[in-house]
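Asker: Have a look at the structure that comes next, please.
The values are calculated or read from the model by the stated rules, or taken from the named source; none is laboratory data. It should be emphasised that the depicted structure is a prediction, and the values quoted were computed from it without experimental measurement. Note that we place each Cβ from the backbone using ideal geometry, even for glycine, and neighbour counts take in every protein chain shown. We work out accessible area using only protein heavy atoms, side chains counted, and drop any ligands, DNA or RNA first. Shrake-Rupley method; radii C 1.70, N 1.55, O 1.52, S 1.80 Å.
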Amino acid sequence: MAHVPVAKGVFTWPSDDPRLIGSRCAGCGMVTFPTQDSCPRCASPEMAEHLLPRRGRLWAWTTQEFPPPSPPYAGPTGPAFVPYGVGYVELADAVKVEARLTQTTRLRTGMDMELVLVPFRIDADGNEVVTFAFRPVGAAG
Ligand SMILES: [Zn+2]
């Protein structure tokens, strides 16, 4: 089965060491995710691509118990839907990234998390669509 990224320009692909693609302001150093064309802090248009660190700390989370509104949600619905964790992970650049979490239990504020790519859905062409998520460092799977 072929694998395709959920969107272009969100994470490095293909990659054995996936990284989220953010942007960094040449003027004030602010880091954004996803990329932005101008700085939300100083309005500079000098934004350069910036690969974010793979690891961060869990800042807040919840469990998505039902399918989000579609669009933009394009994942499984009905009986195929499985509740998933969603949270904010604060990366070393002080940017908070909203992401899926690989588990909904055994989470605690401040725990170390790492970026992983996970299966999301099968598209109309039979490709497995891959998205990004964070899992606790040291967790299996
Ligand atoms: Zn700036």
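Asker: Here is a check on your reading of the model: is PRO40 under 16 Å from PHE120 (Cα atoms), in contact with a Ser or Thr (Cβ under 7 Å, 6 or more places away or on another chain) and without any contact (Cβ under 8 Å) to a residue 24 or more places away in the chain? Outline the logic, then answer.
Answerer: Numbers: under 16 Å from PHE120 (Cα atoms): no; in contact with a Ser or Thr (Cβ under 7 Å, 6 or more places away or on another chain): yes; without any contact (Cβ under 8 Å) to a residue 24 or more places away in the chain: yes.
Considered against the rule, which asks whether it is under 16 Å from PHE120 (Cα atoms), in contact with a Ser or Thr (Cβ under 7 Å, 6 or more places away or on another chain) and without any contact (Cβ under 8 Å) to a residue 24 or more places away in the chain, PRO40 comes out as no.
Asker: Which ones in the stretch 53-102 are among the hydroxyl-bearing types (Ser, Thr, Tyr) and in contact with a Lys or Arg (Cβ under 9 Å, 6 or more places away or on another chain)? Reasoning before the result, please.
Answerer: If we filter the stretch 53-102 for residues that are among the hydroxyl-bearing types (Ser, Thr, Tyr), which is where we start, we get 62-63, 70, 73, 77, 84, 88, 102.
TYR84, TYR88, THR102 - these are the residues of the stretch 53-102 that are among the hydroxyl-bearing types (Ser, Thr, Tyr) and in contact with a Lys or Arg (Cβ under 9 Å, 6 or more places away or on another chain).
Asker: Restricting attention to the stretch 51-92, which residues are part of a loop (DSSP other than H, G, I, E, B), crowded, with 17+ Cβ neighbours inside 10 Å and of a type outside the set (Lys, Arg)? Can you show your working first?
Answerer: First, pick out the residues of the stretch 51-92 that are part of a loop (DSSP other than H, G, I, E, B): 52-54, 65-77, 81-83, 92.
Next, only the ones that are crowded, with 17+ Cβ neighbours inside 10 Å stay: 52, 54, 75.
Of everything in the stretch 51-92, those that are part of a loop (DSSP other than H, G, I, E, B), crowded, with 17+ Cβ neighbours inside 10 Å and of a type outside the set (Lys, Arg) turn out to be LEU52, GLY75.
Asker: In addition: From the list GLY56, GLY9, which one is under 13 Å from the mean Cα position of the chain (by Cα), of a type outside the set (A, V, I, L, M, F, W, C) and at pLDDT below 95? First the steps, then the outcome.
Answerer: Working: GLY56 fails: at pLDDT below 95.
Checking each option against the conditions leaves just GLY9.
Asker: I'm told MET1 meets every condition in (1) within 18 Å of the chain's Cα centre (by Cα); (2) in contact (Cβ under 8 Å) with a residue 40 or more places away in the chain; (3) more than 15 Å from PHE134 (Cα to Cα) except one. Can you identify the failing condition by its number?
Answerer: If we test MET1 against (1) within 18 Å of the chain's Cα centre (by Cα); (2) in contact (Cβ under 8 Å) with a residue 40 or more places away in the chain; (3) more than 15 Å from PHE134 (Cα to Cα), just (1) comes out false.
Asker: Filter the stretch 71-102 down to the residues that are closer than 17 Å to HIS50 by Cα and out of contact with any Phe, Trp or Tyr (no Cβ under 7 Å at 6 or more places or on another chain), then identify the one that is modelled with the lowest pLDDT.
Answerer: ASP93
Asker: Of all residues in the stretch 8-40, which are in a loop (DSSP other than H, G, I, E, B), under 22 Å from MET113 (Cα atoms) and open to solvent by less than 50 Å² (accessible area, probe 1.4 Å)?
Answerer: Passing the criteria: GLY9, VAL10, THR12, SER15, PRO18, PHE33.
Asker: Please go through the stretch 41-50 and give me each residue that is in a strand (DSSP E or B) and either surrounded by 13 or more Cβ atoms within 10 Å (Cβ to Cβ) or within 12 Å of the ligand (Cβ to nearest atom) (or both), ordered by number. Outline the logic, then answer.
Answerer: Filtering the stretch 41-50 for residues in a strand (DSSP E or B) gives 47-50.
Across the stretch 41-50, the qualifying residues are MET47, ALA48, HIS50.
Asker: While we're here: Give me the pairs: first residue in the stretch 8-35 and in contact (Cβ under 8 Å) with a residue 12 or more places away in the chain, second residue of a type in the set (A, V, I, L, M) and surrounded by fewer than 13 Cβ atoms within 10 Å (Cβ to Cβ), beta-carbon distance under 9 Å, and six or more apart or on different chains, which are they?
Answerer: SER23/ALA48; ARG24/ALA48; CYS25/ALA48; ALA26/ALA48; GLY27/ALA43; MET30/ALA94; VAL31/ALA94; PRO34/ALA7
Asker: Can you pull out every residue in the stretch 107-134 that is farther than 22 Å from PRO76 by Cα, of a type outside the set (Gly, Ala, Ser) and over 12 Å from the mean Cα position of the chain (by Cα)?
Answerer: Listed by number, the residues that qualify are LEU107, ARG108, THR109, MET111, ASP112.
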